[in-house]
Structures are given as structure tokens and as C-alpha cells.
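Shown next, in C-alpha cells, is the structure this report addresses.
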Amino acid sequence: MLETLLGSGNREKVLVFLYARQDGYAREISRFFNTDLNQIQKQLERLEIGGILASRMVGRTRLYSFNPRYPFTTDIKSLMGNAFKFYPQELQDSLVITRRRPRRKGKPL
């Protein structure tokens, strides 16, 4: 939908995924959209170099999210929110639901 504006379909997928879930990692995004991991990693890296995304390490996983210090973060999120409304309902529902395995009670972090 925004591929012509953003320059890449994978870039659109990354931004929509992060809009819907607030954060994510490369393999999670590539599995969700059934795309090549390498292409998703390249887009995440380009967006991070551009300052749009910020990453942090959680264990051995690099977790990406929107950079709150980027001056146009609210505008990008607004654009992604408007584009998100035009996605098919089943895709919207699956993007919003984040199912993570629960931790065992009493297990140390």
C-alpha cells in the first residue's frame, strides 16, 4: 500500500509490524510476513541508521522499536495507523495479538 512512498514493501511491513506491536525482532517480523530474514534485517538496519528506529539488546536478541527522539515519530506512527486501517481485518487481528509464552511462576529473570 505504501510501498511506492517508502521505497520497499519490506520497509512497509517492518513499520506496520512495529506500529501494531510497539517492538519486535527481525526473525519475528520475517516469520509473520513469511519473507526473507536477510531483507528484513537490512530494512531494520537502514531504519536504525536513519534514526527512525532504536534497538536494544534483550538477552541475545536485538529488539527494535520506534525512536522516541526522532522528530517525525508521531507523524510516521500516524501514517502507519491510517494505513493499518486499510489492511484486511484478519491481518489486523493477527498483528495486534501478541502471544508470548508465559514464564514459570517464580522463575528468575
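The values are calculated or read from the model by the stated rules, or taken from the named source; none is laboratory data. This is a predicted model, so every value here is computed, not measured. Glycine gets a Cβ as well: all are built from the backbone with ideal geometry, and neighbour counts include every protein chain shown.
Criterion applied to PRO108, PRO68 was being modelled with pLDDT of 90 or more, assigned to a loop (DSSP other than H, G, I, E, B) and exposed (fewer than 15 other Cβ atoms within 10 Å of the Cβ), and the one residue passing it is PRO68. Filter region 14-34 down to residues that are among the hydrophobic types (A, V, I, L, M, F, W, C) and either at positive phi or without any contact (Cβ under 8 Å) to a residue 24 or more places away in the chain (or both), then give me how many there are. So the answer is 2. Among residues of region 35-60 that are closer than 19 Å to LEU6 by Cβ, those with a beta-carbon under 7 Å from a residue that is among the β-branched types (Val, Ile, Thr) and surrounded by 16 or more Cβ atoms within 10 Å (Cβ to Cβ) at least six positions away or on a different chain give the pairs ILE40/VAL14; ILE40/ILE29; GLN43/VAL14; LEU44/VAL14; LEU47/VAL14; ILE52/ILE76.
Can you find, within region 41-60, the residue that is farthest from the chain's Cα centre (by Cα) among those that are loosely packed, with under 12 Cβ neighbours inside 10 Å and of a type in the set (Gly, Ala, Ser)?
The initial filter retains those residues of region 41-60 that are loosely packed, with under 12 Cβ neighbours inside 10 Å, namely 49-50, 56-60.
When the remaining residues are screened for being of a type in the set (Gly, Ala, Ser), the result is 50, 59.
Numbers: GLY50: 15, GLY59: 19 Å.
Ranking the candidates gives GLY59 first.
Counting just the residues of region 71-92 that are among the charged types (D, E, K, R) and loosely packed, with under 10 Cβ neighbours inside 10 Å, which one comes out modelled with the highest pLDDT?
Residues of region 71-92 among the charged types (D, E, K, R): 75, 77, 85, 90.
Adding the requirement that they be loosely packed, with under 10 Cβ neighbours inside 10 Å leaves 85, 90.
On the way: LYS85: 88, GLU90: 85.
Step by step, filter region 71-92, then rank; the result is LYS85.
Determine whether LEU63 is of a type outside the set (Val, Ile, Thr) and buried (at least 17 other Cβ atoms within 10 Å of the Cβ). Criteria not met by LEU63. Flag: ASN38 matches the condition of being farther than 22 Å from VAL96 by Cα and either among the β-branched types (Val, Ile, Thr) or surrounded by fewer than 13 Cβ atoms within 10 Å (Cβ to Cβ) (or both).
Being over 8 Å from the mean Cα position of the chain (by Cα), among the hydroxyl-bearing types (Ser, Thr, Tyr) and closer than 19 Å to ALA54 by Cα is a property that SER30 has.
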